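Data first, discussion second: the structure below is written as structure tokens.
The values are calculated or read from the model by the stated rules, or taken from the named source; none is laboratory data. Remember, it's a predicted structure, so these values are computed and weren't measured experimentally. Don't worry about glycine lacking a Cβ; one is built from the backbone with ideal geometry, like all the others, and counts go over all protein chains shown.
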Amino acid sequence: MSDPGPFLRISGGLLLWASAFVWLYALLSIGCAVSWQRALPAVLAVIWILHLVAGVLLHVNSCRHLKALPLETPEPRRFVAHASVWLMAAGWVGILFVGWPVLLLEPCR
């Protein structure tokens, strides 16, 4: 069985961004449909913050993995390590971008 680590490291940030997008907008739609207007902003804030924290933890993990690579590591593995750091950062920025309108704008309008 092959190591799933490189795949998860390189796609983790974007998968987390997709998860934030789906959860935030699905809960927003469901909350508006069933009239959760009072609790909805708090629920969305918690979901958003959890995704932001998970993104930071994944990014820190990717940075540690990159720094721990020995200098004689083959180039494809180094590329995956560098790409995972940048893709984790891009995913985190995507989570920021997706979440701020949900929190700043009035839901269910």
* Structure fact -> The residue from LEU71, LEU8 that alone is part of a loop (DSSP other than H, G, I, E, B), aliphatic (A, V, I, L, M) and either in contact with a Gly (Cβ under 6 Å, 6 or more places away or on another chain) or surrounded by fewer than 16 Cβ atoms within 10 Å (Cβ to Cβ) (or both) is LEU71
* **Only one of VAL43, VAL56 that is β-branched (Val, Ile, Thr), touching a residue at least 24 places away in the same chain (Cβ under 8 Å) and in contact with a helix residue (DSSP H, G or I) (Cβ under 8 Å, 6 or more places away or on another chain)** => VAL56
* **Residue satisfying condition, being touching a Pro at 6+ places or on another chain (Cβ under 9 Å) and either in contact (Cβ under 8 Å) with a residue 24 or more places away in the chain or among the basic types (Lys, Arg) (or both), within set SER84, SER11** => SER84
* Asked: Taking the stated definitions as given, is VAL98 surrounded by 15 or more Cβ atoms within 10 Å (Cβ to Cβ) and β-branched (Val, Ile, Thr)?
  -> yes
* So how many residues does region 1-50 have that are more than 13 Å from GLY94 (Cα to Cα) and aromatic (Phe, Trp, Tyr)? -> 4
* Structure fact -> Of those in region 11-40 that are more than 12 Å from the chain's Cα centre (by Cα) and of a type in the set (S, T, N, Q), the residue surrounded by the fewest Cβ atoms within 10 Å (Cβ to Cβ) is SER35
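Residue by residue, here is whether (1) touching a residue at least 40 places away in the same chain (Cβ under 8 Å); (2) aromatic (Phe, Trp, Tyr); (3) farther than 30 Å from LEU105 by Cβ holds:
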position: PHE21; (1), (2), (3): yes, yes, no
position: ILE30; (1), (2), (3): no, no, no
position: ALA33; (1), (2), (3): no, no, no
position: ILE49; (1), (2), (3): no, no, no
position: GLU75; (1), (2), (3): no, no, yes
position: PHE79; (1), (2), (3): no, yes, yes
* Structure fact -> Of those in region 48-60 that are over 9 Å from the mean Cα position of the chain (by Cα) and buried (at least 18 other Cβ atoms within 10 Å of the Cβ), the residue modelled with the lowest pLDDT is HIS59
* Taking the condition without any contact (Cβ under 8 Å) to a residue 60 or more places away in the chain, part of a helix (DSSP H, G or I) and either among the aromatic types (Phe, Trp, Tyr) or farther than 16 Å from ALA18 by Cα (or both), does VAL93 pass? -> no
